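J.: Next up is a structure, given as C-alpha cells.
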Amino acid sequence: MSPTLTDAGAAARDPADGLAALEQRGSTAETFGIPLAVLAELTHRCPLQCPYCSNPVELDRAGSELTTEEWKKVLTELAEIGVLQIHFSGGEPTARKDLVELVRHASEVGLYSNLITSAVLLTKEKLSALADAGLCHVQISFQGNEPVVADRVAGLKNAHDKKIEAARWTRGLDLPLTVNAVMHRQNLHQLSDIIQMAVDLDADRLEVANVQYYGWALKNRAALMPTLEQIEETSRIVEEAAVRLKGILAIDYVVPDYYALRPKKCMGGWGRQFFNISPTGKILPCHAAESITGLEFESVRSNHSIAWIWQNSEAFNRYRGTGWMPEPCRSCEFKEVDFGGCRCQAFALTGDAGNTDPACALSPMHDAIFKQAELESAGASNRFLYRNFAGGTLEAGDDGA
Amino acid sequence: MASRNIRVSEASRPVLPRHAKLKFDETRQVWVLLAPERVLAPDQIAVEVLKLCDGARSVADVVDQLAAKYAAEREAISVDVIAMLQDLADKGFLTELREKTL
C-alpha cells in the first residue's frame, strides 16, 4: 500500500488537473463537468479605487444586486450540482451586510468558503463572526508594503494599516491567510518587501499577480505597464523567494502576458472549468466577460438552472473547446494547451473576441502590441484613473510624478 | 495558531485543521480533501488514514490498525503513512495536538 494524495491543482486558477484527477477516478461529471470552485462576486461596491480593478468598467449598482435569499438559493444549487468551493469576492464582499449569513449558508450546504477581501471594512468582531459561520480561508489584497505607495494605489487613506491589522486578526483566529499582491510599474520595486511582509504576517500563501490588462487596467495601462527589465527582476525575486521560503510561505506567481511569447490558458479555457456569478446574478465564463459586447449572458434570475446555463447557453458554447478557432489557432499544436489565450484580451485589443489573443507571438498583432507596451512602460505617464461608479476619476496632481 | 514545520513521527497525533476538510463528493463519487485554493484527491488508503487522524490516535496506532487490516509489513506501512502525512503537513494541511500533560 502507498497512500497518495493527487494535488488537484489550484481550484480557482487552474483546476484542469483537478478535474482530470477526479474524473479519471470514475467521475459521473459530464463533458465540461461542473467546476470545482466558483467565484461569487457579491457586489461591485468597494471603498478602494484600484486602477487595475478586475470588475467591468460598467459596474452593477447596489439596487440590482441579488438579494440574500437569491444568493442562498444560488449557493444551495451550486452545492447540489457538485461545486466544492465558493470564493466570496466583489467589489468588496464585506460591503454586503448579509455576508455572515451567506457564509453560514455555504457551510450548511457543504461548500468550502473563501473570502477575497480588501479587509478595510472588517472589524475583529466581524471576522470572528465569519469564522464562527464556517469561513475556511481569507485572502487579503495588499497594494504595497507600506502606506505611501499602497494607499495611493488603493485610492484610500489608511487602507494599508487597516489591512495589516485585519491580517493579524485573521491569523489570531487561526484562519489560513493568503496575501494577494497585484504588481505593476508603480509598486514592483516593493516586491521583496511585500514577500517579507507576508512572512511577518504569518501568511500561508502569497499570490504575486502581475496586472492583466483589460477593463480598468487597460485604461491605466500607460501608468501600470512594467518594463521588461522589471519583469525579469520580478521573476528572479519570486523564484529565489519560493526556494528560500519552502514550507513557510507558498508563492503563486502570475506573469504578465504582454511580455510572453505564448498566451495564458485563460480561465483554463473558456467555459471549460470556471464560471463566476456577477452581483446581478449573471453566470459568466470569466469576470471580465461582460466587456465583450454582443454576447448575451444568462442570469440565475432566468428560468434556467445554473447547470443548464453552464452546459447549454450560447455565451458559454461560443468559444468553448477548439471548434470556434480561426487560424493561426486552428492548425496550432498548442491549441489544446492554451485554448487560444484570453477572449477578453482579444476583444479589447483587436475588436473581435474570436481572434487569436495578441499575447501569442503567432498573432499578427503581437509585435505591435509588444512595442506599444514597451513604449508605455518607458513613458512618463504615471497618473491613475481611479475605479469608481462615476466612470473613473483622474488622480490629482501633475502627470510624470 | 496552526503549528508550522511539523515533523511527523509515529508519536505524532495528527489531525486535519479546520481549513482542510475531508469530504465525500456525491457528484463525482470520490473523496476529496478541500484546502485553500486546492482540491486534493486522496486515494482509498489515504482516505482511511485521514479518517483515523483524529488528534487522539498516534501515527503508531494508525499504522498498527492498517497493518492488522491488510496483513502487511508494519515497517513499510509506517514509512508510507508518515511520508503522506509529512507531505500534507508541509503544505499546511495537517496539524497536531501537542502532548502537554503526558
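The values are calculated or read from the model by the stated rules, or taken from the named source; none is laboratory data. From a predicted model like this one, the values you see are computed outputs, not experimental measurements. Here the Cβ is made from the backbone with ideal geometry for all residues, glycine too, and neighbour counts use every protein chain on show.
J.: Condition first: more than 15 Å from the chain's Cα centre (by Cα), part of a loop (DSSP other than H, G, I, E, B) and not basic (Lys, Arg). Now tell me which residues in the stretch A:280-301 satisfy that.
T.: A:Thr280, A:Gly281, A:Ile292, A:Thr293, A:Gly294, A:Leu295, A:Glu296, A:Phe297, A:Glu298, A:Val300
J.: I would also like to ask the following. Of everything in the stretch B:63-91, what is over 30 Å from A:Leu249 (Cβ atoms), assigned to a helix (DSSP H, G or I) and among the charged types (D, E, K, R)? Give them in sequence order.
T.: Scanning the stretch B:63-91 gives B:Asp64, B:Lys69, B:Arg74, B:Glu75.
J.: Moving on to the next point. Do we have any residue at all in the stretch A:154-171 that's away from chain B (no Cβ under 14 Å), within 23 Å of A:Met225 (Cα to Cα), of a type outside the set (Ser, Thr, Tyr) and without any contact (Cβ under 8 Å) to a residue 12 or more places away in the chain?
T.: No, every residue in the stretch A:154-171 fails to be away from chain B (no Cβ under 14 Å), within 23 Å of A:Met225 (Cα to Cα), of a type outside the set (Ser, Thr, Tyr) and without any contact (Cβ under 8 Å) to a residue 12 or more places away in the chain.
J.: Being assigned to a strand (DSSP E or B) and more than 8 Å from every other protein chain (Cβ to nearest Cβ) is the filter here; which residues of the stretch B:9-27 pass it?
T.: B:Pro14, B:Val15, B:Leu22, B:Phe24
J.: Determine, yes or no, whether A:Leu66 is more than 10 Å from chain B (Cβ to nearest Cβ) and either at pLDDT below 70 or crowded, with 23+ Cβ neighbours inside 10 Å (or both).
T.: Taking the combined requirement at face value, the residue satisfies it.
J.: Kindly evaluate A:Ile309 against the criterion of being at pLDDT 95 or above, surrounded by 17 or more Cβ atoms within 10 Å (Cβ to Cβ) and not charged (D, E, K, R).
T.: Against the criterion (at pLDDT 95 or above, surrounded by 17 or more Cβ atoms within 10 Å (Cβ to Cβ) and not charged (D, E, K, R)), A:Ile309 qualifies.
J.: A further question on this structure: Pick from B:Ala11, B:Ala41, B:Ala20, B:Ala46: which is closer than 21 Å to A:Leu249 by Cα, among the small types (Gly, Ala, Ser) and in contact with a helix residue (DSSP H, G or I) (Cβ under 9 Å, 6 or more places away or on another chain)?
T.: One residue alone meets the criteria, B:Ala20.
J.: What are the pairs with Cβ atoms under 9 angstrom where one residue, in the stretch A:349-374, is within 19 Å of A:Gly323 (Cα to Cα) and the other, located anywhere, is of a type in the set (Asp, Glu) and not in a loop (DSSP other than H, G, I, E, B)? Sequence gap at least six, or different chains.
T.: Correct list of pairs: A:Asp357/A:Asp257; A:Asp357/A:Asp338; A:Cys360/A:Asp257; A:Cys360/A:Asp338.
J.: Here's something else I'd like to know. Check whether at least one residue in the stretch A:339-347 is of a type in the set (Phe, Trp, Tyr), outside any helix (DSSP H, G or I) and either touching a residue at least 40 places away in the same chain (Cβ under 8 Å) or out of contact with any Asp or Glu (no Cβ under 8 Å at 6 or more places or on another chain) (or both), and report yes or no.
T.: Yes, the conditions are met somewhere in the stretch A:339-347.
J.: Among what's in the stretch B:69-84 and is within 19 Å of B:Ala11 (Cβ to Cβ) and at the interface with another protein chain (Cβ under 7 Å from one of its Cβ atoms), pick the residue that is farthest from the chain's Cα centre (by Cα).
T.: B:Ile77
J.: Moving to a separate point now. Please verify whether B:Leu94 is more than 9 Å from chain A (Cβ to nearest Cβ), within 28 Å of A:Leu206 (Cβ to Cβ), of a type in the set (A, V, I, L, M, F, W, C) and surrounded by 23 or more Cβ atoms within 10 Å (Cβ to Cβ), treating the condition exactly as stated.
T.: Working: more than 9 Å from chain A (Cβ to nearest Cβ): yes; within 28 Å of A:Leu206 (Cβ to Cβ): yes; of a type in the set (A, V, I, L, M, F, W, C): yes; surrounded by 23 or more Cβ atoms within 10 Å (Cβ to Cβ): yes.
Taking the combined requirement at face value, the residue satisfies it.
J.: Name every residue in the stretch B:34-62 that is facing another protein chain (nearest Cβ under 7 Å) and assigned to a strand (DSSP E or B), in order of residue number. Please lay out each step first, then the result.
T.: Within the stretch B:34-62, the subset facing another protein chain (nearest Cβ under 7 Å) is B:34, B:36-43, B:45-46, B:49.
Of everything in the stretch B:34-62, those that are facing another protein chain (nearest Cβ under 7 Å) and assigned to a strand (DSSP E or B) turn out to be B:Leu34, B:Arg38, B:Val39, B:Leu40, B:Ala41, B:Pro42.
J.: Now for a separate question. Within the stretch A:90-116, can you find the residues that are among the hydroxyl-bearing types (Ser, Thr, Tyr) and within 14 Å of another protein chain (Cβ to nearest Cβ)?
T.: A:Ser107, A:Tyr112, A:Ser113, listed by residue number.
Results for (1) buried (at least 17 other Cβ atoms within 10 Å of the Cβ); (2) closer than 29 Å to B:Leu40 by Cβ, shown as yes or no for each residue.
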{"position": "A:Glu108", "(1), (2)": "no, yes"}
{"position": "A:Thr123", "(1), (2)": "no, no"}
{"position": "A:Leu127", "(1), (2)": "yes, yes"}
{"position": "A:Leu135", "(1), (2)": "yes, yes"}
{"position": "A:Phe142", "(1), (2)": "yes, yes"}
{"position": "A:Gly155", "(1), (2)": "yes, no"}
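J.: Just give me the residues in the stretch A:240-272 being surrounded by fewer than 16 Cβ atoms within 10 Å (Cβ to Cβ), outside any loop (DSSP other than H, G, I, E, B) and of a type outside the set (A, V, I, L, M), in sequence order.
T.: A:Glu240, A:Arg244
J.: Of all the residues that make up the stretch A:352-376, how many are among the small types (Gly, Ala, Ser), surrounded by fewer than 22 Cβ atoms within 10 Å (Cβ to Cβ) and within 23 Å of the chain's Cα centre (by Cα)? Walk me through how you get there before you give the answer.
T.: First, the residues of the stretch A:352-376 that are among the small types (Gly, Ala, Ser): A:353-354, A:359, A:361, A:363, A:368, A:373.
Now restrict to residues that are surrounded by fewer than 22 Cβ atoms within 10 Å (Cβ to Cβ): A:354, A:361, A:368, A:373.
Checking which are within 23 Å of the chain's Cα centre (by Cα) leaves us with A:354, A:373.
Result for the stretch A:352-376: 2.
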